[in-house]
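The values are calculated or read from the model by the stated rules, or taken from the named source; none is laboratory data. Because the structure is a prediction, the values reported are computed rather than measured. Positions of Cβ are backbone-derived with ideal geometry, glycine not excepted, and every protein chain shown enters the neighbour counts. Please note that ligands, DNA and RNA were not included when accessible areas were found on the heavy atoms of the full protein model with its side chains. Shrake-Rupley method; radii C 1.70, N 1.55, O 1.52, S 1.80 Å.
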Amino acid sequence: MTRPSTDDRALVTTCPSCDGLTFILTACACVEYGDRLLVTDEPAPRGPYRDCRVCRGLGRVGRPCQRCGQRGERRAQLVLTVANLDTGEVASASVVPGVVTPRPASEGGWQLPLSPLVGELAEAVGAATWVSCSGGVVTWASGSGQPAGAVAVRLPDEWSPELPDDQRSALEGRSIAGYPGESWQVFLGRSVAPPPVAPQRRLDQLRALADRLCLDLVLEARRLCHDDLLWDVRFDLPGAAVPANLRGTAASLADALGAVTAAYAISGLAARGVTAPARYLVPTADPGPGPARDLAQIERRVIADCTDLRTGEPLPGACAIWRDGHWWHSSLRVAGHRDRLVERETGQLVHRRTELLRRGWEPPDPAWLGDTIPHTPCPECEPADGQWACPCAVDASAADPDCAGCGGSGLRSRVSSCHTCRGSRRIYQGLVVTLTDLAGQVTHLTWRAGDAAPASPVGLSSEGTPVAQLPDRFRLAGHAATFGVRPEDLTEVDGGWPVDRELRDGLVSGQVTGVEPLTRYLAQAGRGRPGGRLIVSAAPPEVPALPRVIRLALALGLAVEVSVRDDGSHADNPLRPHGLCWRVEITVAGPARVAAAEVAFPSRPTLAGAIAYALDYLASVLAEAVPDEPTRSIPTPCSGMSEPIADPEPMLRRLGADHPGRWVTVRFGPSGFRTTELRDQVDPR
């Protein structure tokens with residue numbers, strides 16, 4: 001384990017990607033398809049396309065080297081850091097040539113194993129479990145006890161223990177410099193490991209939740225090109241098509257259940273069910289535990305269904321669907337193909353063929369499905385010519401001539417979804433809203449056009465259009481207390497976005513002759529909803545408290561900016577902004593990079609939501625904290641157990657209340673905290 005050194009110089013080696021040239025010569029993309037204008041993915045003679053727009057027929061193209069930033073040199077250093085969120089302890093190790101003893105790799109050759117070093121750092125800070133946050137979004141509910149994936153540096157084939165020390169060191173340095181991951185790998189640990197997830201228990205929990213949510217629980221195995229199966233566990237709407245994209249990553253059903261959460265199982269529901277039949281719900285009594293079936297039985301049956309029983313031919317996959325208290329099994333079969341032409345940057349047209357799948361047998365409709373939700377075709381979609389109406393032309397007499405999206409034509413290409421229906425091509429006249437804490441508590445609301453819903457005028461919007469407010473039962477804010485949360489805690493389960501204020505307060509803007517406010521409200525709220533359903537999470541996000549986030553950032557040598565705006569309480573005027581808005585940003589320590597007045601940022605109605613948003617981008621901040629100059633070494637933060645930080649939320653609330661309607665930002669950095677100037681900032685919510 002290394003401690004921060006007074007010598008800031010780092011070992012520098014020639015960039016392995018460009019060999020010091022600052023650019024790389026690669027085969028042009030046209031070579032893959034040969035000298036043809038119309039090509040397919042089928043094997044063909046390789047060669048340059050004579051009319052290529054990129055290489056002009058040469059077959060090779062020079063590109064700036066991204067790995068070294070066109071410097072020609074790379075830093076031969078990796079830094080591993082483990083931070084204990086519970087105690088504030090941080091330990092780091094600087095991996096340079098000679099620090100880690102090479103070991104034989106399972107696939108042959110040699111490597112520098114880094115996972116044992118991460119384990120030593122975790123033990124030093126008292127972390128019983130940890131998770132990587134350097135390669136993507138931080139996952140806080142990790143009970144694996146090991147970092148995600150084995151961390152190792154692959155050594156070149158010419159490396160050998162018999163080589164002289166200087167040659168071994170040089171080869172190790174080039175391998176470290178060429179490591180494909182981030183140069184600073186940070187792992188967040190907890191002192192107590194959560195109990196291990198029992199796959200059978202997780203399956204029982206998901207089955208019970210599916211019954212309450214009135215959704216299908218699908219256990220699906222898909223066959224890869226080399227006959228391996230990948231498992232996916234998800235919630236689906238009855239009647240939804242088999243997804244074209246493969247989402248599963250686990251090689252067994254038990255592994256898939258051990259990694260899945262309720263939130264992940266429901267993610268992507270809108271994309272999968274956008275064309276599913278829209279039906280009202282008639283929730284029935286709990287069907288009970290159902291027939292006794294263990295995981296091994298279900299897995300064996302699904303694997304058996306991946307083969308055609310009559311011919312013995314392998315099928316694309318199979319699935320088991322939990323519906324109405326029963327398991328229903330079906331194979332997956334090829335239903336057809338979808339063909340499309342894609343223009344590449346080379347000027348070639350690639351014929352893409354996507355395999356469409358269907359279930360070999362569809363189970364009967366569940367008892368909890370009711371009448372069909374009426375809908376009308378979207379008036380703005382023009383799928384025949386591949387264009388949608390641009391939002392600037394919707395509800396307007398003419399298109400905006402300065403619109404960047406359509407250039408004043410009033411039409412957009414199908415690359416962007418229709419603003420009016422969000423790709424469903426339906427305008428719903430009813431909606432089923434489901435509120436849940438994803439732990440078992442569920443409430444279903446049924447909204448139908450034509451119901452008695454007198455709307456009260458409340459004023460004019462910022463665009464000057466009249467705004468009306470619907471009765472209480474069409475306002476989600478009134479249902480939040482049932483779950484013990486605030487209206488601001490309501491978020492969409494699929495995507496995690498805060499519920500719009502219009503839905504929270506039952507606001508509908510605009511005025512159309514002969515169209516009731518409730519009908520317009522449902523058309524707006526039902527845009528792109530799968531099967532006419534909106535599923536809302538009534539639970540705050542599970543994130544560390546603000547003091548822990550600040551202590552973590554300071555221990556890593558970073559800073560935290562917390563902004564708050566208090567718009568006060570305007571219960572008498574729902575059109576005025578009210579309540580608190582929060583923003584939390586983890587940044588590189590040092591002076592602000594841009595003037596405060598130039599900052600535009602998204603905010604969240606709750607502090608927990610703002611913390612979750614900030615942690616989503618922690619990996620980017622860590623990458624930015626690595627010095628650009630390869631001659632400067634990466635800092636190796638190390639610190640012992642620190643005292644808990646006082647919760648600054650009460651102070652922030654007081655500051656916001658003292659300056660209503662204006663943003664107040666407090667920056668917590670290594671040198672202390674300071675309040676920035678008050679300013680009116682753009683808030684692109």
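Less than 5 angstrom separates the built amide H of Thr491 from those of Val499, Ser537, Ala539, all sequence-distant by 5 or more or on a different chain. For region 438-559, the equivalent ellipsoid built from the Cα gyration tensor has semi-axes of 34, 18, 13 Å, listed from largest to smallest.
Order Thr443, Thr311, Thr665 by their accessible area, 1.4 angstrom probe, all chains in place, largest first. It would help to have the intermediate numbers written out before the result.
On the way: Thr443 40, Thr311 90, Thr665 0 Å².
Sorted by accessible area, descending: Thr311, Thr443, Thr665.
Taking amide H atoms as placed 1.01 Å from N in the peptide plane, the amide H of Gly370 lies under 5 Å from those of Tyr280, Leu281, Val282, each 5 or more residues away in sequence or on another chain.
With the convex hull drawn over the C-alpha atoms of region 81-136, the volume per residue is 108 Å³. Given the protein chains as shown and a 1.4 Å probe, how many square angstrom of Asp628 are accessible, to the nearest 10? About 110 Å², ignoring ligands and nucleic acids.
Computed from backbone phi, the HN-Hα couplings of region 620-626 come to 5, 5, 4, 5, 6, 6, 6 Hz, rounded to whole numbers (Karplus: 6.51 cos²θ - 1.76 cosθ + 1.60, θ = phi - 60°; Gly and Pro given as x). For Trp110, the residues whose amide H sits under 5 Å from its own are Ala105, Leu155, ignoring neighbours fewer than 5 places away on the same chain, with H placed 1.01 Å from N. Counting only protein heavy atoms and a 1.4 Å probe, the chain has 49 square angstrom of accessible area per residue. Note on Arg46/Asp451: beta-carbon distance plugged into 1/(1 + (r/R0)^6) with R0 of 60 Å gives a FRET efficiency of 0.40. Ordered from largest to smallest accessible area (heavy atoms of protein chains, 1.4 Å probe), the residues His419, His226, His444 come out as His226, His419, His444. A run of the chain free of exposed loop cleavage sites, with GluC sites (Glu not before Pro) counted only in DSSP states other than H, G, I, E and B and at most 13 other beta carbons within 10 Å, reaches its longest extent at 163-344. By the Stokes-Einstein formula, at 1.306 mPa s and 10 °C, region 420-486 with its Kirkwood radius over alpha-carbon pairs has D equal to 109 µm²/s. What is the Cα centroid distance between region 445-475 and region 65-111, reported in whole angstrom? Their Cα centres are 58 Å away from one another. About its Cα centre, the dipole of the chain is roughly 780 debye, where the only charges are +1 on Lys and Arg Cβ and -1 on Asp and Glu Cβ. Taking region 34-66 and a reference point 7 angstrom along Cα→Cβ of Ser17, the backbone N atoms nearer than 15 Å belong to 62-66.
Only protein atoms count toward the accessible area here, which uses a 1.4 Å probe; on the chain, the carbon and sulfur part of that area reaches 52 percent.
In the chain, one over the average inverse separation of all distinct C-alpha pairs is 29.2 Å, which is the Kirkwood hydrodynamic radius.
Could you tell me the calculated FRET efficiency between Arg301 and Trp361, based on Cβ-Cβ distance and R0 = 22 angstrom, to the nearest 0.05? The value I calculate is 0.95.
Take every DSSP beta bridge whose two residues both sit in the chain; close to 90 percent of them are antiparallel.
Legend: calculated FRET efficiency, Leu341 to Cys403, from the Cβ-Cβ distance at R0 = 25 Å, rounded to 0.05, equals 0.35. Computed from backbone phi with θ = phi - 60° and the Karplus coefficients 6.51, -1.76 and 1.60, the 3J(HN,Hα) list for region 606-617 is 10, 5, 4, x, 5, 5, 4, 5, 5, 5, 4, 10 Hz; x is used for glycine and proline. Residue ranking by accessible heavy-atom surface, 1.4 Å probe, largest first, among Phe23, Phe235, Phe673 comes out as Phe673, Phe23, Phe235.
Computed from backbone phi, the HN-Hα couplings of region 532-540 come to x, 10, 10, 10, 10, 8, 10, 8, x Hz, rounded to whole numbers (Karplus: 6.51 cos²θ - 1.76 cosθ + 1.60, θ = phi - 60°; Gly and Pro given as x).
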